[in-house]
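Structure first, commentary second.
Here, each number is a calculation from the coordinates, and none is a lab measurement. All of these numbers come straight from a predicted model, not from anything done at the bench. Cβ: placed from backbone, ideal geometry, glycine included. Neighbour counts: every protein chain shown.
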Amino acid sequence: MNDKKTIFSGIQPTGCITLGNYLGALKNWVNLQNDYNCIFSVVDLHSITVRQDSAQLRKRCMDFLTQYLACGIDGEENIVFFQSHVPAHSELAWVLNCFTYMGELSRMTQFKDKSSKHADNINAGLFTYPVLMAADILLYQTDLVPVGIDQKQHLELARDIAIRFNGVFGDVFKVPEGYIPKEAARIMSLQDPTSKMSKSDPNVNGFISILDDPDTIRRKFKRAVTDSEGEIAFREGKHGVNNLLNIYSAVTNQSVEKSVNEFSGLGYGELKERVAQAVIEELRPMQERYADLCKNKDYINKLYTEGAQRAAYLASKTLRKVHRKLGYVDR
Ligand code: AQP
């Protein structure tokens, strides 16, 4: 083991990976991967808090892992795996459930949002989702968790749970820090720029899938909701324009101020076209790699099988320590 710090992050295989997931999470994973020991999971256990079609879920899990690699994640240097292949995630989640309060979980905004969207299926998994996420992170003695701002509250809970457990049993878990990007922390829906771009949005025009073809990307940006002021500026209340400027800045790796200057005096039509073009260029190499990787299933199988073995080894060390502290008899 080297002395690099550890990163854990994941995306749940629901819908399709969006530009929001890419800019809020994946792009940063790629940027950080050489400086950290990275563990990237397709967090399939999380996805069943909402009903899934089994055949579609299996295919989507594979597609997501392939897209991680296509985005530039090095699956040999880093660990890539499916969460359900490492039972320690569920085992630790149970333990942490017993160190988490109902009151804490009821304050989670994602639980409130999702239970209002799925009123016919407010299951216990939806409620305890943040505890499983805490287990995902704490199992690997993670230093840094790169996420979008929507996950900040869950991350803070993971920290609280770690501190609480350590308070009773000594230094068992590392208390993780979040890594939240400045420009792309919260990419908004193109159709309702007051809510976040979400991969299970029933309105496909609200999100860009990172596999969308250039015409689709152009069309979706063309339809993006803006305002009637006609001025390209970044300020309170200009949700649609702010979102386009944020996307452009994140894709071109420049500050929002610089993007505003670049578009000064132009109209919304030009802004949308230029943002669309920048996104198309950003995604093109990834889409080409994705098409190649899809022809190489054996390689992908090898990566996730070995990834799960490596992850399980690391996870077992933490779980053993937890079980000893709790007073369970050694296996
Ligand atoms: N709109 C977003 N802007 C920036 N970052 C985002 N992330 C998600 N949406 C945005 C980040 O992507 C990572 C993976 O997200 P997730 O799979 O854990 O689920 P989520 O946050 O619940 O994302 P979705 O897209 O809204 O999924 P559904 O629709 O299934 O609920 C996280 O790091 C997240 O911050």
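Which value does Rg/Rh take for the range 78-174 over its C-alpha atoms, Rh per Kirkwood?
0.96
Using +1 at the Cβ of each Lys and Arg and -1 at the Cβ of each Asp and Glu in the chain, identify which of Ala224, Ala25, Asn246 lies farthest towards the dipole's positive end.
My answer, from the dipole projection, is Ala25.
At a Förster radius of 25 Å, what calculated FRET efficiency corresponds to the Cβ-Cβ distance of Asn34 and Glu281, to the nearest 0.05?
According to the calculation, E is roughly 0.60.
State the answer as a single residue: which of Ala233, Val260, Gln277 lies farthest towards the positive end of the charge dipole of the range 196-284, with beta carbon charges of +1 for Lys and Arg and -1 for Asp and Glu, about the Cα centre.
Gln277
At q = 0.12, 0.15, 0.17, 0.21 Å⁻¹, what is the base-10 log of I(q)/I(0) for the range 21-117 according to the Debye formula with one equal point scatterer per Cα and no solvent? Please give it to two decimals.
The Debye formula, applied to the Cα set alone, gives -0.53, -0.81, -1.00, -1.21.
Give me the three principal axis extents of the range 53-100 from the C-alpha atoms, as integers in angstrom, largest value leading.
Rounded to whole Å, the extents work out to 39, 32, 16 Å.
If Lys and Arg each add +1 and Asp and Glu each add -1, what is the summed charge of the other residues whose beta carbon sits under 13 Å from the beta carbon of Ile149?
So the environment of Ile149 carries a net charge of +1.
If eta is 1.002 mPa s and T is 20 °C, what Stokes-Einstein diffusion coefficient results for the range 207-286, Kirkwood Rh from Cα pairs, in µm²/s?
Here the translational diffusion coefficient equals 168 µm²/s.
Any chance you could list the semi-axes, whole Å, largest first, of the equivalent ellipsoid that the Cα gyration tensor gives for the range 220-331, using √(5λ)?
47, 23, 11
Based on the Kirkwood radius over alpha-carbon pairs, what is the Stokes-Einstein translational diffusion coefficient of the chain at 4 °C with 1.567 mPa s viscosity, in µm²/s?
62 µm²/s
Compare the peptides 99-109, 134-144, 205-215 by average per-residue count of other Cβ atoms within 10 angstrom and give them in order, highest first.
134-144, 205-215, 99-109
Would you give the gap between the C-alpha center of the range 210-234 and the C-alpha center of the range 262-331, rounded to a whole Å?
26 Å
Highest first, please rank the peptides 166-177, 12-23, 70-81 by the mean number of other Cβ atoms sitting within 10 Å of their residues.
The packing order, highest mean first, is 12-23, 70-81, 166-177.
When averaged across all projection directions, what area in nm² does the alpha-carbon convex hull of the range 61-129 cover?
6.6 nm²
How high is the relative contact order of the chain, in percent, counting Cα pairs under 8 Å that sit 6 or more residues apart?
22 percent
Compute the length gained on full extension between Glu177 and Thr305: take 0.36 nm times their separation in residues and subtract their Cα-Cα distance, giving the result in nm to one decimal.
43.2 nm
Calculate for the chain the 222 nm mean residue ellipticity that helices alone would give, adding -39,500 (n - 2.57) per DSSP H run of length 4 or more and normalising by residue count, nearest 500 deg cm²/dmol.
-16500 deg cm²/dmol
Using the alpha carbons of the range 104-260, what is the convex hull volume per residue in cubic angstrom, as a whole number?
Considering the Cα atoms of the range 104-260, their hull volume per residue is 152 Å³.
When 1/r is averaged over all different Cα pairs and the result inverted, which Kirkwood radius in Å belongs to the range 143-201?
One decimal place: 13.2 Å for the Kirkwood radius.
Debye sum, Cα scatterers, the range 165-251, no solvent: what log₁₀ I/I(0) at q = 0.12, 0.15 1/Å?
Once normalised to I(0) and log-transformed, intensities are -0.47, -0.62.
Between the range 1-45 and the range 130-194, what's the alpha-carbon centroid distance in Å?
Cα centres, the range 1-45 to the range 130-194: 13 Å.
For the range 34-80, state what percent of all Cα-Cα pairs lands in each successive 10 Å bin, counting from 0 Å until the bin that includes the largest distance.
Answer for the range 34-80: a P(r) of 24, 47, 25, 5 percent.
By per-residue mean of other Cβ atoms within 10 Å, what is the highest-first order of 216-226, 293-303?
Sorting 216-226, 293-303 by mean packing, highest first, produces 216-226, 293-303.
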